[in-house]
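Here's the structure we're looking at; comments come further down.
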Amino acid sequence: MCRMVDSRLGHWLKLLVSLMLLLKTQGLYVGITYVKSAVAKGAVCLDGSPPAYHWDKGFGTGINSWLIHFEGGGWCNNVTSCLSRKKTHLGSSKLMGQQIAFSGIMNNKRPFNPDFYNWNRVKIRYCDGSSFTGDVQAVNPATNLHFRGARIWLAVIEDLLPKGLKNAENALLSGCSAGGLASILHCDSFRALLRMGTKVKCLSDAGYFIKVKDVSGAPHVQTYFNEIVTLHGSAKNLPLSCTSVLKPSFCFFPQYVAPQVRTPLFILNAAYDSWQIRNILAPSIADPLGVWKSCKLDINNCSPLQLKSMQDFRLQFLNALNKSTNSSSRGLYIDSCYAHCQTETQEKWFMEDSPVLGKKKIAKAVGDWFYDRNPFQKIDCPYPCNPSCQNSGLAPPNNPEKKPPNGSAASVNMSTLLCGLLMLMGVMLP
């Protein structure tokens, strides 16, 4: 009987510790700010609603330091996909959660975000479908779709400048996935918008999408990106250093843009980026029989032939990355995890069991690079050599940060914690 109680007690103690850790690391909830003045400038979401962002003010030594983070969430490449997107928070600020949780690189607690916890941290919401590059003046009344991503980007920065951004001493432009691509495309223009003397750098997390053929031999992603750039009128907002020599759609690929970026840039990416494996290497259109379905869900389910295709993808990725590492000011963290987006989730950014490369966790490598304590340019050995990889292949959901109506996730977790406590008490009581 005592052994049974001890076993149950141990189980609930473990659960209690896990719940308390979750509650402790999830960060805080930050309210939304709508840039209503942007509507008059035509800087609007796909449905014509105003752009939005979430801002947690800096404090202490971070009061004049700013982290501007682009939300990710894919793209829309034709009227049909944009109409569908318009009905979600990725196309309308009317459908965005009023509060979102800041975690990972956005966390406000030093133990979980040692270098940026007390900065002004801003998350720009993504509602245009073009990585903030679109600008088409005409609006078709039949669809009422607005392609104005580039205007949104400028409107948000213009709103933040008088709120303290103009006095920034340190500034880091970052983003995840489609937001990570945006942080590369807008890196130099971000620096140009800030005062001289500001220390400005950029961080791209899972935004280094490569031009490669899919498993059927078709140039699927090249066609897809061309459709995005054409539909959204993005060409004029892509870096001139690229569009002056290449087709505009090529300039949506970081491999053709990053080598010319003058502002210090840190590229964080998994060599086996799970989104790219699923949507660029083996998209559904190239796998009509679903042979890749199980493999894409879990890398451990991949056949030897599929693993070979993924190893070949890694080599193509590293080749596409080669010219982007031509500066000592560059940061590089290319791990061999099967993952997508590693700055937004606490377990990947900075926890006891977070991924490690060159004996450093991601948060430490990025912080050392930003503050010029130590440079960091490392590429991991091939899969499955890194035991610190969690290899779930899961990116943060499109909007994991939505605060539930009439209550917060914090209160939900607290309720769970209380239930755990009560059950623990039940075990302990005779």
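The values are calculated or read from the model by the stated rules, or taken from the named source; none is laboratory data. Just so it is clear, the model here is predicted, and its values are computed rather than measured. Because the Cβ atoms are built from the backbone with ideal geometry, glycine has one as well, and the counts that use them run over all protein chains shown. Protein only, heavy atoms only, side chains kept; ligands, DNA and RNA dropped before computing areas. Shrake-Rupley method; radii C 1.70, N 1.55, O 1.52, S 1.80 Å.
Miscellaneous remarks
- Residue list for the range 366-375, filter: within 17 Å of Asn170 (Cα to Cα), part of a loop (DSSP other than H, G, I, E, B) and in contact with a Gly (Cβ under 8 Å, 6 or more places away or on another chain): Arg373
- Checking each residue in the range 342-365 for being outside any loop (DSSP other than H, G, I, E, B), farther than 14 Å from Gln390 by Cβ and open to solvent by 10 Å² or more (accessible area, probe 1.4 Å) picks out Lys360, Lys364.
- Inside the range 68-91, residues that are open to solvent by 40 Å² or more (accessible area, probe 1.4 Å) and at positive phi make up a count of 0.
- Checked against the criterion of being of a type in the set (A, V, I, L, M), open to solvent by less than 10 Å² (accessible area, probe 1.4 Å) and assigned to a loop (DSSP other than H, G, I, E, B), the range 193-211 has at least one qualifying residue.
One line per residue, one yes/no per condition, for (1) in contact (Cβ under 8 Å) with a residue 60 or more places away in the chain; (2) of a type in the set (S, T, N, Q); (3) in contact with a Ser or Thr (Cβ under 7 Å, 6 or more places away or on another chain); (4) within 30 Å of Asp372 (Cβ to Cβ):
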{"residue": "Leu297", "(1), (2), (3), (4)": "yes, no, no, no"}
{"residue": "Asn322", "(1), (2), (3), (4)": "no, yes, no, yes"}
{"residue": "Tyr333", "(1), (2), (3), (4)": "yes, no, no, yes"}
{"residue": "Cys341", "(1), (2), (3), (4)": "yes, no, yes, yes"}
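- Qualifying residue in the range 220-231 (condition: acidic (Asp, Glu), modelled with pLDDT of 95 or more and under 17 Å from the mean Cα position of the chain (by Cα)): no
- Residues that are farther than 30 Å from Gly62 by Cβ, in contact (Cβ under 8 Å) with a residue 40 or more places away in the chain and not acidic (Asp, Glu) occur at least once in the range 200-210.
- Of all residues in the range 25-67, those satisfying the criterion of being open to solvent by 30 Å² or more (accessible area, probe 1.4 Å), within 29 Å of Ala138 (Cα to Cα) and assigned to a helix (DSSP H, G or I) are Lys36, Ser37, Val39, Ala40, Lys41.
- Residue in the range 92-111 that is open to solvent by less than 10 Å² (accessible area, probe 1.4 Å), closer than 26 Å to Ile228 by Cα and not in a loop (DSSP other than H, G, I, E, B) present: yes
- Qualifying positions in the range 234-245 - open to solvent by 60 Å² or more (accessible area, probe 1.4 Å) and either more than 18 Å from Gly149 (Cβ to Cβ) or not basic (Lys, Arg) (or both): Leu240, Ser244, Val245
- When the range 277-299 is filtered for residues that are more than 24 Å from the chain's Cα centre (by Cα) and buried (at least 19 other Cβ atoms within 10 Å of the Cβ), only Trp292 remains.
- Filter result for Asp372 (open to solvent by less than 50 Å² (accessible area, probe 1.4 Å), modelled with pLDDT of 95 or more and among the charged types (D, E, K, R)): no
- Here Ala178, Ala182, Ala155, Ala142 are screened, and the one residue that is farther than 22 Å from Tyr34 by Cα and hydrophobic (A, V, I, L, M, F, W, C) is Ala142.
- Number of the exception - Asn144 against (1) outside any helix (DSSP H, G or I); (2) open to solvent by 60 Å² or more (accessible area, probe 1.4 Å); (3) on the phi < 0 side of the Ramachandran plot: (3)
- Spans of helices (runs of 4 or more DSSP H) in the range 233-329 with at least 2 residues closer than 22 Å to Ile184 by Cβ: 240-243, 254-257, 304-321
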